[in-house]
Amino acid sequence: MTKAVAYIRVSTTKQGKSGLGMEAQLAAIHSFAQAEGFDVVEVFTEVETGKGSDALFKRPQLSAALDKAKVMQCPVLVAKLDRLSRDVAFIAGLMANRVPFIVAELGKDADPFMLHIWAAMAEKERCVISERTKAALAAAKKRGVVLGGYKGGPAPDNQKGTLALQEKAQGFKERVGPTIATLHSQGLSLRAIAGRLEAMGVRTSRRKTEWTPAAVKRCLG
């Protein structure tokens, strides 16, 4: 069996203490390793967001995983691409270490070029969502829709609020729909597409990290 080290990351101290997400990542890595013939010799766990130009410095466990993999001349296994980063520059920096990364959700044949593409798509999606959301909120505010919840003033117009939500949902569908349609045209099932979106770091319309087949289907319809 091929040796490998595993890297697991959660983004907040609260998640780290609760173990939320860690068990799922570890289970996905072990399942992948068993299916593909990898022997996970050590697991590195990190509780750190790790944003910014010095992100790797902020993530000592990732640095330790890289060092271990270099010594053993083996790959680093992660459950999803966003557990490394959603930033293309950061992914490029990791690739420069010449340690192969294997993302369980994307399969062992996803080479560095494909990882760059997936990271670029996730980064672009984040930027587009942020820009469209700001524009939608500004437009809703201009129409008189009360934002931020009811705090004792005049009650918001329910109809205007409903229209704002509908516009937001339609905008999200227009942004994510083409990517989902492309994956669907490749013959992937709704569940497989959901897994790919999670691996890319694309969030749902409710900003959740986990996609369901039903949510994918709504974007296809």
Could you please state how large a percent of the accessible area of segment 158-220 is carbon and sulfur, counting protein chains only and using a 1.4 Å probe?
50
Roll a 1.4 Å probe over the protein chains and send me the accessible area per residue for segment 158-220 in Å².
60
Modelled FRET efficiency - R0 25 Å, ALA27 with LEU188, Cβ distances, 0.05 increments
0.70
Mind scanning LYS80/LYS168; LYS173/LYS217; LYS58/LYS208; LYS80/LYS208; LYS108/LYS208 and naming the pairs with a C-alpha gap bigger than 20 Å?
LYS80/LYS168; LYS58/LYS208; LYS108/LYS208
With the crude spin-label approximation of a point 7 Å out along Cα→Cβ, what separation in nm comes out for GLU131 versus SER63?
3.5
In nm, the gap between the two label points placed 7 Å beyond Cα toward Cβ at ALA214 and THR45 is 3.2
Using the C-alpha gyration tensor of segment 158-220, what are the square roots of 5 times its eigenvalues, in whole angstrom, with the largest one first?
23, 12, 9
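The values are calculated or read from the model by the stated rules, or taken from the named source; none is laboratory data. Just so we're clear, the structure is a prediction, and the values are computed from it rather than from any experiment. We place every Cβ from the backbone using ideal geometry, glycine too, and count neighbours over all the protein chains shown. For accessibility, only protein heavy atoms count, side chains too; no ligands or nucleic acids. Shrake-Rupley method; radii C 1.70, N 1.55, O 1.52, S 1.80 Å.
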